[in-house]
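These notes concern the structure reproduced below.
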Amino acid sequence: MFDAMLRRRLDGPLASVAGRIDRSWVTPDRLTVAGLVLGLASAALAAGQMWGWALLAWLISRALDGLDGPLARRRGTGQGSPAGGFLDITADFVAYGATVVGVAVGTTGTPATLVDWLPFLAVLLAYYVNGTAFLAFSSIAERTGHRIDDGRSLSFLGGIAEGAETILVHSLWLLVPAYAPQVATVWAGVVGLSAAHRIIAGYRTLRGPAAASS
């Protein structure tokens with residue numbers, strides 16, 4: 001929901017940081033992979049109830065994820081290579097899913113019942129549906145001339161829950177793990193609403209003429 005506004009405000013600072021780290025051995029893909037590794041590390045640290053370190057790893061992970069695009073554009077690759085775009089979105093999905101599992105393991109304890117896991121399972125289900133709608137729209141939009149060009153590799157159909165909200169919520173339950181199940185319950189509902197919105201909006205967009213989405 002806030003991604004477009006934040007991108008406009010952060011474009012300058014991120015481009016500046018990208019300029020400072022622009023070295024031959026630093027590539028956009030390496031930044032993406034480093035962000036993924038730190039995202040997985042955050043999940044493992046959360047599972048081990050090392051909440052402060054998990055939060056630090058998560059925030060650095062997302063910072064690196066935000067720098068791969070500006071670095072690619074600085075090097076004159078426009079929106080980035082198709083391979084880089086594919087790697088980036090795949091890494092995001094893996095990091096998001098892993099951190100949900102990590103927080104669930106760290107907060108439910110042993111032995112955990114199905115009821116303890118339900119809020120986090122609901123988040124994973126909502127992520128699955130939301131991701132399916134998002135990626136299916138992007139793929140079909142590319143082939144039918146309904147592409148949404150906002151400078152990113154894929155056609156991002158806006159929603160209530162986007163990257164900024166996801167980073168915030170994942171940070172929140174690392175900050176207050178005692179309330180993680182409650183946060184997860186609310187977040188699952190928000191992502192579910194976002195998924196429903198994307199399904200409806202995507203269907204209507206694809207039914208309309210391609211020129212209306214250009």
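Could you look at the range 52-139 and say what percent of its accessible area is carbon and sulfur, using a 1.4 Å probe and all protein chains?
74
Averaged per residue, what accessible area in Å² does the range 27-120 show with a 1.4 Å probe, protein chains only?
47
The values are calculated or read from the model by the stated rules, or taken from the named source; none is laboratory data. These figures come from a predicted structure and were not determined experimentally. Note: areas computed on protein heavy atoms with side chains; ligands, DNA, RNA excluded. Shrake-Rupley method; radii C 1.70, N 1.55, O 1.52, S 1.80 Å.
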